[in-house]
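Asks: Below are the structure tokens for one structure; questions will follow.
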Amino acid sequence: MHDDTLLTVTGLSKHFDGVPAVEDVSFDVRRSETLGIVGESGSGKTTLARCILRAIDPDAGVVRFRSADGWVELQDLSPKELIPLRREMQMIFQDPFASLNPRMTVREILEEPLVVHRVGNREERLAAVLDMLDHVQLEHDSLTRYPHAFSGGQRQRIGIARALILRPNLVVCDESVSALDVSVQAQIINLLEDLQRDLGLTYLFVAHDLSVVQHICDRVLVMHRGRVVESGVVDDLFANPREDYTRLLLSAIPSPDPDVPLRPLDRRSVGL
Amino acid sequence: MSEVALPSGAGVAAGVTDRETAAAISPRRLMWLRFRRHRLALASGAFLLVLYVLAAFCEFVAPYGTTTRNDDAINAPPMGVHFFDAEGRFHLRPFVYAYRMEVNPDTWMREYAEDTGTRHPIRFFARGEPYEMWNLFPMDRHLFTTDAGTYIHLFGTDPLGRDMFSRVLYGGRISLSIGIVGVVLTIVLGILLGGIAGYLGGLADRVVNKAIEVLQCLPSLPLWMALSAALPVHWSPLLVYFGITIILSLFGWTALARQVRGRFLALREEEFVMAARLIGADTPRVIRKHMLPSFSSHIIATATLAVPAMILGETALSFLGIGLRPPVVSWGVLMFQAQNPLVIELTPWQMFPGLFVVLTVMAFNLLGDGLRDAADPYSTGGMK
Ligand SMILES: Nc1ncnc2c1ncn2[C@@H]1O[C@H](COP(=O)(O)OP(=O)(O)OP(=O)(O)O)[C@@H](O)[C@H]1O
Ligand SMILES: [Mg+2]
């Protein structure tokens, strides 16, 4: 374990009605890195991500998180004890339509984390909200609007702003760009990278699009049927996959010309 | 899901074209804009509003009390309101004609016709029969009445010479309020039990579900009958009123509880609810801020659709003589008096309470349908 480790997961398992969705998963996440989690649909990526943040309760395993007050074991905490830790770990969701309450204005959505954690007074909260809007490059006049008035990419920016307004360390992105158009995807990925640099974020980046993972992640875990079958530094692992399953995943990356060998994602080709 | 995304261009469809306005428009307002286009529902709502206001102020609106008898008008037919008299002269103040009673030589029945020689001018906001408003304030002004010694019976009179119009109004107060009080009880029971089942799941869910299934299997009318028959005879009219209301809502909550439970189950899985929990909101806040608001409009629609069942329940029980009893006046009690087919044939105006029951039930159904369509644009028969 490095001394800049932020999160360690050991032997994490989760079963649904006896069927394993995540089975004995272990890994470390270092501060300020981006760890990718890839795997085909149903391989347990979402379940793993949600178990780590205790959105659902794991059946077994240890999730140790380095909070501001030192190491805590998340799996044993009661819902009440978890609440203060929510400031330090957040989630950016996949569906920019389903993850925003349609009955709240952008201001209410972004203010809620601050209200819940009793941060600042009214003016300070508004200032923080406006500051966050700048960070995610949304107009200030978005405040009074409802989510239905925004495009998918804009909504995802709202979701990102909500996740980051409490200034967390660990941010779990569960397929946070999969639902977006390719050009919008590139903008959001760009934004996530800028925010990581500016705010010193650590990302757990769940995705099934390997070209995105290759672009944004430092290290990657490959999941298959709830287990981690391979892990390593992205470029090495993608260049020399040891497992057949990884090779299979890699072969599924769409390429404009089937004869062209796989290359790292070219930033310009996706409009960055 | 239906709660989450509004149909694209819903604002435009509702007549909002300006981009800025559409952006800041609240979902509640969007619902109102959609509802406004259901003309029939809107009209029903207005009709019910008028009816409820009239019933709330029935002492003032009705020219007479429920027991005031007019010995000159037994089983008399409804009077017509006139502006022109028999000679064709116009009168600014509307008037009714006095009754002219004859005994039919064949049937020996009293029959009434208009006595065009005697006009009873209608006075508005004039002093008339004294009464106590809401049993509190002694008053004697009525919305309309006629001079002392004369009379007005817009809906005719009953066999004891009591004014049907006044009795229908007083009856409406009881019948209409039973619908509302019952539905409030239903909503409380439905949200509480449905919410517990849907949010907690597990054993609580199974128990509530079983209770709902059992209650929904039972035929409600016989059970209502059995339970109301079991109400002690010596109970005061007020106690009986609440007893009947509770009996009616005891069976009414199941449909709402089912809905609430379903909504809770669905919403619990919604990403924005999980997002709220992940930012650190506690359960009461999640329920209050993120779950209840997104189906409160459905609760209102379902509740509106549940009112007619309550009103019909009261009417049915009273009609069968096991609900409310005289001297309490409700639409059901009034219809109880008109059970005899001969009564209906000879004095059809005694069916006025029935007409009001039908109109009210229809209006509530139309209003509820409109609300439901506005709340949920995906349901069948909703927005195109
Ligand atoms: N709430 C649940 N109840 C029962 N089974 C579940 C539940 N959530 C997930 N599963 C099952 O667990 C397995 C892993 O699902 P998970 O959503 O974690 O996969 P995933 O890798 O995120 O897939 P995708 O790429 O499609 O998002 C699947 O077989 C799924 O059917
Ligand atoms: Mg997933």
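Asks: Of (1) within 13 Å of chain B (Cβ to nearest Cβ); (2) modelled with pLDDT of 90 or more, A:L130 satisfies all except one. Which?
Replies: The failed condition is (1).
Asks: For segment A:203-218, name all the residues that are away from ligand 2 (no atom under 16 Å from the Cβ) and part of a helix (DSSP H, G or I).
Replies: A:S211, A:Q214, A:H215, A:I216
Asks: Shifting gears a bit: From the list B:W253, B:W224, which residue is of a type in the set (F, W, Y), part of a helix (DSSP H, G or I) and within 18 Å of B:F295 (Cβ to Cβ)?
Replies: Details: B:W224 fails: within 18 Å of B:F295 (Cβ to Cβ).
On inspection, the qualifying residue turns out to be B:W253.
Asks: From the list A:E111, A:E88, which residue is touching a residue at least 12 places away in the same chain (Cβ under 8 Å), more than 16 Å from ligand 1 (Cβ to nearest atom), of a type outside the set (A, V, I, L, M) and crowded, with 20+ Cβ neighbours inside 10 Å? Show your work before the answer.
Replies: Numbers: A:E88 fails: crowded, with 20+ Cβ neighbours inside 10 Å.
From the options A:E111, A:E88, the qualifying one is A:E111.
Asks: Identify, from the list A:V260, A:V233, A:V212, the residue that is at pLDDT 90 or above and of a type in the set (V, I, T). Step through it out loud before you land on a result.
Replies: On the way: A:V260 fails: at pLDDT 90 or above; A:V212 fails: at pLDDT 90 or above.
That would be A:V233, the only listed residue that is at pLDDT 90 or above and of a type in the set (V, I, T).
Asks: Would you mind telling me which numbered condition in (1) away from chain B (no Cβ under 11 Å); (2) in contact with a Leu (Cβ under 9 Å, 6 or more places away or on another chain); (3) of a type outside the set (D, E, K, R); (4) in a helix (DSSP H, G or I) A:G159 fails?
Replies: Here A:G159 clears every test but (1).
Asks: Restricting to segment A:164-188, and then to whatever is open to solvent by less than 10 Å² (accessible area, probe 1.4 Å), away from ligand 2 (no atom under 16 Å from the Cβ) and in contact (Cβ under 8 Å) with a residue 40 or more places away in the chain, can you tell me which residue is farthest from A:P84 (Cα to Cα)?
Replies: A:A186
Asks: Given the structure, is A:Q154 more than 16 Å from ligand 2 (Cβ to nearest atom), within 29 Å of B:A375 (Cα to Cα), under 19 Å from the mean Cα position of the chain (by Cα) and open to solvent by 30 Å² or more (accessible area, probe 1.4 Å)? Can you show your working first?
Replies: Numbers: more than 16 Å from ligand 2 (Cβ to nearest atom): yes; within 29 Å of B:A375 (Cα to Cα): yes; under 19 Å from the mean Cα position of the chain (by Cα): yes; open to solvent by 30 Å² or more (accessible area, probe 1.4 Å): yes.
Considered against the rule, which asks whether it is more than 16 Å from ligand 2 (Cβ to nearest atom), within 29 Å of B:A375 (Cα to Cα), under 19 Å from the mean Cα position of the chain (by Cα) and open to solvent by 30 Å² or more (accessible area, probe 1.4 Å), A:Q154 comes out as yes.
Asks: Return the only residue of B:A301, B:A306 being closer than 30 Å to A:T105 by Cβ, more than 14 Å from chain A (Cβ to nearest Cβ), open to solvent by less than 30 Å² (accessible area, probe 1.4 Å) and under 17 Å from the mean Cα position of the chain (by Cα).
Replies: Values: B:A306 fails: closer than 30 Å to A:T105 by Cβ.
Going through B:A301, B:A306 in turn, just one is closer than 30 Å to A:T105 by Cβ, more than 14 Å from chain A (Cβ to nearest Cβ), open to solvent by less than 30 Å² (accessible area, probe 1.4 Å) and under 17 Å from the mean Cα position of the chain (by Cα): B:A301.
Asks: Follow-up question, since we're still on this one. Going through B:F364, B:F352 one at a time, which residue ends up being of a type outside the set (K, R) and open to solvent by 40 Å² or more (accessible area, probe 1.4 Å)? First the steps, then the outcome.
Replies: On the way: B:F364 fails: open to solvent by 40 Å² or more (accessible area, probe 1.4 Å).
Result of the check over B:F364, B:F352: B:F352.
Asks: I've got another one for you. Please determine, by comparing only the residues of segment A:18-55 that are within 14 Å of chain B (Cβ to nearest Cβ) and among the charged types (D, E, K, R), which one is nearest to ligand 1 (Cβ to nearest atom). Show your work before the answer.
Replies: Restricting attention to segment A:18-55, the residues satisfying the condition of being within 14 Å of chain B (Cβ to nearest Cβ) are A:46-47, A:49-55.
Those still in the list that are among the charged types (D, E, K, R) too: A:50, A:54.
Details: A:R50: 8, A:R54: 15 Å.
Filtering first and then ranking leaves A:R50.
Asks: Still on this structure, I have one more. Given (1) within 19 Å of A:M132 (Cβ to Cβ); (2) crowded, with 20+ Cβ neighbours inside 10 Å, identify the lone condition not met by A:Q196.
Replies: Single failed check for A:Q196: (2).
Asks: Would you confirm whether or not segment B:265-272 contains a residue that is of a type outside the set (D, E) and away from chain A (no Cβ under 14 Å)? If you could, list the steps in order and put the result at the bottom.
Replies: First, pick out the residues of segment B:265-272 that are of a type outside the set (D, E): B:265-268, B:272.
Subsequent filtering for residues that are away from chain A (no Cβ under 14 Å) retains B:265.
Checked against the condition, which is being of a type outside the set (D, E) and away from chain A (no Cβ under 14 Å), segment B:265-272 yields at least one hit.
Asks: So if I check each of B:I187, B:I180, B:I122, which one is assigned to a helix (DSSP H, G or I), in contact (Cβ under 8 Å) with a residue 12 or more places away in the chain and open to solvent by less than 50 Å² (accessible area, probe 1.4 Å)?
Replies: Values: B:I180 fails: open to solvent by less than 50 Å² (accessible area, probe 1.4 Å); B:I122 fails: assigned to a helix (DSSP H, G or I).
Of B:I187, B:I180, B:I122, the one residue that is assigned to a helix (DSSP H, G or I), in contact (Cβ under 8 Å) with a residue 12 or more places away in the chain and open to solvent by less than 50 Å² (accessible area, probe 1.4 Å) is B:I187.
Asks: Take the residues of segment A:58-74 that are assigned to a strand (DSSP E or B) and without any contact (Cβ under 8 Å) to a residue 12 or more places away in the chain: which is nearest to ligand 1 (Cβ to nearest atom)?
Replies: A:E73
Asks: Next question. Tell me, which helices (runs of 4 or more DSSP H) wholly within segment B:267-384 include 1 or more residues that are aromatic (F, W, Y)?
Replies: Hits in segment B:267-384: B:271-278, B:296-319, B:331-337, B:352-375.
Asks: Would you point out which residue out of B:V208, B:V260, B:V233, B:V240 is over 27 Å from B:S297 (Cβ atoms) and part of a helix (DSSP H, G or I)?
Replies: Numbers: B:V208 fails: over 27 Å from B:S297 (Cβ atoms); B:V260 fails: over 27 Å from B:S297 (Cβ atoms); B:V233 fails: part of a helix (DSSP H, G or I).
Residue meeting the stated conditions: B:V240.
Asks: Counting just the residues of segment A:75-90 that are more than 9 Å from chain B (Cβ to nearest Cβ) and part of a loop (DSSP other than H, G, I, E, B), which one comes out nearest to A:R155 (Cα to Cα)?
Replies: So the first thing to find is which residues in segment A:75-90 are more than 9 Å from chain B (Cβ to nearest Cβ), and the list is A:75-78, A:81, A:88.
From what is left, the residues that are part of a loop (DSSP other than H, G, I, E, B) are A:77-78, A:88.
On the way: A:L77: 32, A:S78: 32, A:E88: 22 Å.
This residue is A:E88.
Asks: Can you pull out every residue in segment A:24-53 that is crowded, with 21+ Cβ neighbours inside 10 Å, more than 13 Å from ligand 2 (Cβ to nearest atom) and either over 19 Å from A:V234 (Cβ atoms) or of a type in the set (D, E, K, R) (or both)?
Replies: A:I52, A:L53
Asks: While we're on this one: List the helices (runs of 4 or more DSSP H) inside segment B:1-58, counting only whole elements, that have at least 1 residues being modelled with pLDDT under 75 and more than 9 Å from every other protein chain (Cβ to nearest Cβ). Walk me through it before giving the result.
Replies: Values: elements: B:10-13, B:19-23, B:27-35, B:39-56.
Output list reads B:10-13, B:19-23.
Asks: Next question, about the same structure. Scan segment B:211-221 residue by residue and report those that are of a type in the set (A, V, I, L, M, F, W, C) and part of a helix (DSSP H, G or I).
Replies: Our first condition is that a residue be of a type in the set (A, V, I, L, M, F, W, C); within segment B:211-221, this holds for B:211-212, B:214-215, B:217-218, B:221.
Selection gives B:A211, B:I212, B:V214, B:L215, B:C217, B:L221.
Asks: Residue by residue through segment A:91-108, note down the ones that are open to solvent by less than 20 Å² (accessible area, probe 1.4 Å), within 7 Å of chain B (Cβ to nearest Cβ) and part of a loop (DSSP other than H, G, I, E, B).
Replies: A:F93, A:A98, A:S99, A:L100, A:N101, A:P102
Asks: Assuming A:R167 fulfils every condition listed in (1) within 11 Å of chain B (Cβ to nearest Cβ); (2) closer than 23 Å to A:R118 by Cα apart from one, which condition is it?
Replies: Single failed check for A:R167: (1).
Asks: Let me ask something additional. If we scan segment A:166-183, do we find a residue that is more than 26 Å from B:M274 (Cα to Cα), in a helix (DSSP H, G or I) and within 16 Å of ligand 1 (Cβ to nearest atom)? So that I can check it myself, show each step before the final result.
Replies: Applying the first criterion (more than 26 Å from B:M274 (Cα to Cα)) to segment A:166-183 yields A:182-183.
Restricting the remaining residues to those that are in a helix (DSSP H, G or I) gives A:182-183.
Those still in the list that are within 16 Å of ligand 1 (Cβ to nearest atom) too: none.
No: segment A:166-183 contains no residue that is more than 26 Å from B:M274 (Cα to Cα), in a helix (DSSP H, G or I) and within 16 Å of ligand 1 (Cβ to nearest atom).
Asks: On to the next question. Which of the following residues is more than 8 Å from chain B (Cβ to nearest Cβ) and farther than 22 Å from A:H15 by Cα: A:V62, A:V72?
Replies: Working: A:V62 fails: farther than 22 Å from A:H15 by Cα.
Testing whether each residue is more than 8 Å from chain B (Cβ to nearest Cβ) and farther than 22 Å from A:H15 by Cα leaves just A:V72.
The values are calculated or read from the model by the stated rules, or taken from the named source; none is laboratory data. As the structure is a computational prediction, the values presented were derived from the model and not from experiment. Glycine also receives a Cβ, built like all others from the backbone with ideal geometry; neighbour counts cover every protein chain displayed. Ligands, DNA and RNA are excluded from the accessible area calculation, which covers all protein heavy atoms including side chains. Shrake-Rupley method; radii C 1.70, N 1.55, O 1.52, S 1.80 Å.
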